[in-house]
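The values are calculated or read from the model by the stated rules, or taken from the named source; none is laboratory data. Since the model is a prediction, treat every value here as computed from it, not as a measurement. Because the Cβ atoms are built from the backbone with ideal geometry, glycine has one as well, and the counts that use them run over all protein chains shown. These accessible areas exclude ligands, DNA and RNA; they are computed on the full protein's heavy atoms, side chains included. Shrake-Rupley method; radii C 1.70, N 1.55, O 1.52, S 1.80 Å.
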Amino acid sequence: MRRELERIEIPGEHEARARAWRVLSSAFAEREPVAQRPARRLVPILVAVGVVALVAAAVSPPGRAVFHAIRETVGVEQAQPALFSLPAPGRLLVASDDGVWIVQADGSKRRLGSYAGASWSPHGRYVVATRRNGLYALTPTGEERWSLARPDVRFARWTGTETDTRIAYLTTSRLHVVGGDGRVDGDIGGLPAAARIAPAWRPGSGFVLAYATTRGRIGAFEAGRGADVWAKPPTSSPPFAQPRRLEWSSDGKRLLLVTRNKLVLFGTRSAAPLDVRSERSVVDAVFRPGTRDVTVIRRPGEVSQIVLGGKVIFSTAGELRGPTWSPDGRWLLVGLPQADQWVFVRADGRKIVAVSSVSAQFRTRTFPRVEGWSS
């Protein structure tokens, strides 16, 4: 099993960092020079003057132009000015300051309403959305089917078949499960306080839910029976500091935990990890659909990298976030907030499609968040 994570070795890291530095150095050298004043020995005064000058530059038209040029340097060149279409079949679910949106394959968008977060139901027939104190089941046209008033609702996740579904969500640090029809809602009693990361439903039969506690321990239970599913001791994992993401592989045989500096793999029989790999530069990681291949976003220095199968398939001088695979596993979507771009990367790394001005397309000042890509 160690081989599954050993494949995440990063070739060419130094060369990628050098290339990014050359790009940024070139952009700096091409800036419009400013007349220099004689140097002074009073370092605090120079620092204060520098801060004032930086603020003045940012708010002035020439300053905004310079920052725009830097953003273009960080981003992908020849990006599309708008999202004309998706490179793979399916629909995106997007959350922004203005609410939750659905993006169709042809690029058309529909705003569902002023919700904070959302996720797809199985088969993409419905959407579960959240506000600060409420849970809502919606149709893809934004019609509300039912709602629940609950305090501080977050991280709603839907699973099941076409006829029998469950929704898991958090209120503060308590884990809840409710039927897909809005009935039989309940706090899962007897569980430790849950960490503020999304719980993960295991694909396949049954309603098996993995979750992280506030102490960083990972547990899994069957929602119908409320029983632990790991038959062999221990039934909860060792603690892992600062958990960020939990995700099952498509076949439901592996559970991935991403922390601030580790990638951890679990199986289905015990909470004892199958493998733990230290990754101090890890930002995020997800399974590629239909495989057990782990896709890792790393930032070892000035350069961010996407690594799949031991190969760097994309690198850039900027922060990458929110990796989201297309349902067919052929394209990976990542956000590049510093350039206000979405970047679609083909799995073999041989084709890139970038889209600019993403925030304006979703009427938001903060960078929009992709909540899912459904078939």
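Please give me the summed charge of the neighbours of ARG330: other residues whose Cβ is under 14 Å from its Cβ, Lys and Arg +1, Asp and Glu -1. Walk me through the numbers before you get to the answer.
On the way: positive: ARG288, ARG346, ARG350, LYS351; negative: ASP293, ASP328, ASP348.
Taking every other residue near ARG330 into account, the sum is +1.
For the ranges 253-259, 287-293, what's the packing order if you count other beta-carbon atoms within 10 Å of each residue, average per peptide, and put the highest first? Spell out each step's value before the answer.
Numbers: 253-259: 21.6, 287-293: 16.6.
For the peptides 253-259, 287-293, the packing ranking is 253-259, 287-293.
Can you tell me the length gained on complete extension of the stretch ARG350 to GLN80, counting 0.36 nm per residue apart and subtracting the Cα distance? List each step's numbers first, then the result.
Values: separation 270, 0.36 × 270 = 97.20 nm, distance 1.77 nm.
Extra length available between ARG350 and GLN80 comes to 95.4 nm.
Which length gain, in nm to one decimal place, applies between ARG365 and ARG154 when the Cα-Cα distance is subtracted from 0.36 nm times their residue separation? Display every interim value, and only then the final one.
On the way: separation 211, 0.36 × 211 = 75.96 nm, distance 2.13 nm.
Extra length from ARG365 to ARG154 when fully extended: 73.8 nm.
Just order 181-192, 354-365 by mean Cβ neighbour count inside 10 Å, highest at the front, would you? Could you put the intermediate results ahead of the total?
On the way: 181-192: 12.1, 354-365: 17.7.
The peptides rank, most packed first, as 354-365, 181-192.
Leaving out ligands, DNA and RNA, what percent of the accessible area of the stretch 240-375 is carbon and sulfur, probe 1.4 Å? Don't jump to the answer; show the numbers that get you there.
Details: 2110 of 5090 Å².
Here carbon and sulfur together make up 41 percent of the probe-accessible area.
THR214 versus GLN104, label points 7 Å from Cα toward the beta carbon: distance in nm?
Going from the THR214 label point to the GLN104 one covers 4.6 nm.
Multiplying the sequence separation of THR139 and ARG269 by 0.36 nm and subtracting their Cα-Cα distance, what value in nm do you get?
Extra length from THR139 to ARG269 when fully extended: 43.1 nm.
Just tell me which lysines come within less than 20 Å, Cα to Cα, of LYS262; anything on the same chain fewer than 8 places away is out.
LYS253, LYS311
Accessible area per residue, 1.4 Å probe, Å², for the stretch 80-136: what's the number?
Working: 2270 Å² over 57 residues.
Value returned for the stretch 80-136: 40 Å² of accessible area per residue.
Can you check what the Kirkwood hydrodynamic radius comes to for the stretch 168-212, Cα pairs only, in Å to one decimal? Walk me through the intermediate numbers first.
Details: mean 1/r = 0.0893 Å⁻¹.
Result for the stretch 168-212, one decimal place: 11.2 Å.
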